[in-house]
1. Which ranges mark the helices (runs of 4 or more DSSP H) fully within the range 445-563 that have 1 or more residues being aromatic (Phe, Trp, Tyr) and in contact (Cβ under 8 Å) with a residue 60 or more places away in the chain?
2. Looking at the range 231-253 only, could you name the residues that are assigned to a loop (DSSP other than H, G, I, E, B) and buried (at least 21 other Cβ atoms within 10 Å of the Cβ)?
3. Taking ASN137, is it assigned to a helix (DSSP H, G or I) and touching a Gly at 6+ places or on another chain (Cβ under 6 Å)?
4. Please pick out the residue among ARG479, ARG498, ARG470 that is over 21 Å from TYR316 (Cβ atoms), surrounded by fewer than 17 Cβ atoms within 10 Å (Cβ to Cβ) and among the charged types (D, E, K, R).
5. Every residue in the range 254-266 that is without any contact (Cβ under 8 Å) to a residue 24 or more places away in the chain and assigned to a loop (DSSP other than H, G, I, E, B), please.
6. How many residues, within the range 57-112, are modelled with pLDDT under 95 and of a type in the set (Ser, Thr, Tyr)?
7. Report, by residue number, each residue of the range 92-126 that is out of contact with any Ser or Thr (no Cβ under 9 Å at 6 or more places or on another chain) and crowded, with 19+ Cβ neighbours inside 10 Å.
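The values are calculated or read from the model by the stated rules, or taken from the named source; none is laboratory data. Quick caveat, the model's predicted, so the values are computed rather than measured. Counting neighbours? That spans all protein chains shown, and the Cβs are built from the backbone with ideal geometry, glycine included.
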Amino acid sequence: MQSFRLNINLRPRSSNGIYFNGEKNKIAFGSCADCLFSKKMNMRIVLTLGLFFVWGCVAGQSFDLIIKNGRIIDGTGNSWYYGDVGVTGGKIAFIGRIDQAQGTRIIDAQRLLVAPGFIDVHAHIEGGELTSPTANNFIHDGVTSVVTGNCGGSNLNLEAYFQQLDSIKTSINVASLIGHNTVRRAAMGDAQRDPTLEEQQKMEGLVESAMKAGAVGFSTGLIYVPGTYAKTPEVVSLARVAARYNGVYASHIRNEGDNVTEAVSEAINIGREAKIPVEISHFKVTYKPNWGRSTETIGLVEQARMEGLDVTIDQYPYVASSTTLDTTVPSWVFAGGRDSMKLRINDPTTRMKIKKEMVADLKAKKNKNYSFAQVARYAPDTTLNGKNISEINRLKGRKSKPIEEAETILEMVGAVNRTQMVYFSMDEQDLVRILQYPFNMIASDAGIVRFGSGMPHPRAYGTNARVLGRYVKEMKVIRLEEAIRRMTSLPAQKFNLRDRGMLREGMAADVVVFDPALIGDVATYSNPHAYSKGFQYVLVNGQVVVDEGKHTGVRNGQVLRMK
């Protein structure tokens, strides 16, 4: 049996027509060039058998901006279709065929694709939004909204932070999680122990204050100090607070190598016990002994979903990760803070113990040396940016032995609070397998970078373009419409960004217009400061932020608070 749904608002001049809901209306198929209607026509017919549908058209109406003649990918995963988009007051006012209409600005999107603005659910923009509010690296990669506060690190007072964002204005929309490391440090410093009842209550109060301010959830970074010292029950109790406000639990899990299945299971169990949706960050398996185990980790996620748990993942499309140099050092070294760390590494006996542990861990990962670890940003000596630890060790005149490279690492760790690194530790077969999983979002794990400063991971510039260029266009790993869904409606649904993520009338006019023939990433590990190619226009809340490939300087982003 055929079934169909009609949503009709017609005002015909002719008396001939078809009756719907007791009113006499006329349906016209085909071009709207000679419409029979004196006022706006907005009509849709959707047939469940997919045989055809009837376009709406509008004539004689004014819009702030019109995007004409594009191929529309609406963010749902459905196939593209030809149409026009009318924007008024920062919202999408009409999608269909726009004839004889007026617009303050008309963009001709012929041969271009029109999609919702991309939503990056794993960002770290804290600090960068103050120095570079135009967020060029995100905007030029089609990103119009980010979720920051990931990996357990966020602003502590989100109400004040959101007010600051409202004041300075960024080019992108910003939502934030409240970070576990942040609240734990506020309650009990870098202590390597369980919290007291009073400290636990203080942490729960800080999470609750953040959720009331509009945080979209609670994040952990369980490889970082002090979060790495926390046991599962502590995290569950804090996640329960976020759950009361419809938040998400986003986790940089405790291990992505030998114990990755245990770490994934812990994240799922936290969601189960706290009754909160789970987002597992930058989903991966690291180091050669674990390559291929993505079948196990994806299986755990799928099993949880079959159980009825809302577990999803995100991923960046690179075989190298990026985090601090501190993670190569045993976490116990940092207990009590950096002053305590310096006392330990400056004690000869303890220093040797640390280096032996580091070498043992290196061998367990089947690495001969630290050549896989490349410096992205080392403030005391920027000439080391782009060099790996083995190269730096030789520059210091030391022997090419792991124990000597461990000594070089401890020197660097002791010299500065944070050295950002790039680690080459993954296999592309795992990357592709994870990319094909349907409940996986595309995310950069990047901050706002200043063009030309340091040697950042290329994901800061090219994450979305790389998926669309390499994995959609070249390798055909996933369909174009599916890739766009992972960048738009799936993250919007997960993080309760209800007016974003799809091209629908009444939703916020965050829109990207790109050339499918040109789309691709340009940034590389050796030359990371390069904007993606192919993005011709980017709109944020109805304002043009990228115009013919150039940033306009417009800062029309909004704070996206949990509603």
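1. Numbers: elements: 459-466, 480-487, 489-494.
Because the criterion is at least 1 residues that are aromatic (Phe, Trp, Tyr) and in contact (Cβ under 8 Å) with a residue 60 or more places away in the chain, the helices (runs of 4 or more DSSP H) in the range 445-563 that meet it are 459-466.
2. From the range 231-253, those assigned to a loop (DSSP other than H, G, I, E, B) are 231, 244-247, 253; that's our starting set.
If the condition is that a residue be assigned to a loop (DSSP other than H, G, I, E, B) and buried (at least 21 other Cβ atoms within 10 Å of the Cβ), then GLY247, ILE253 are the ones that fit.
3. Working: assigned to a helix (DSSP H, G or I): yes; touching a Gly at 6+ places or on another chain (Cβ under 6 Å): no.
No; evaluated as a whole, the condition is false for this residue.
4. On the way: ARG479 fails: over 21 Å from TYR316 (Cβ atoms); ARG470 fails: over 21 Å from TYR316 (Cβ atoms).
The conditions single out ARG498.
5. ASN259
6. 2
7. Taking the range 92-126 as the starting set, the residues that turn out to be out of contact with any Ser or Thr (no Cβ under 9 Å at 6 or more places or on another chain) are 92-93, 95-96, 98, 100, 105-114.
ILE92, ALA93, ILE95, GLY96, ILE98, ILE107, ALA109, LEU112, LEU113, VAL114 - these are the residues of the range 92-126 that are out of contact with any Ser or Thr (no Cβ under 9 Å at 6 or more places or on another chain) and crowded, with 19+ Cβ neighbours inside 10 Å.
Here's the yes/no breakdown for (1) surrounded by 15 or more Cβ atoms within 10 Å (Cβ to Cβ); (2) assigned to a loop (DSSP other than H, G, I, E, B); (3) at pLDDT 95 or above:
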site: GLN303; (1), (2), (3): no, no, yes
site: THR323; (1), (2), (3): yes, no, no
site: GLY336; (1), (2), (3): yes, yes, no
site: ARG344; (1), (2), (3): yes, no, yes
site: THR349; (1), (2), (3): no, no, yes
site: LYS355; (1), (2), (3): yes, no, yes
site: ALA360; (1), (2), (3): no, no, yes
site: LYS363; (1), (2), (3): no, no, no
site: GLY386; (1), (2), (3): yes, yes, no
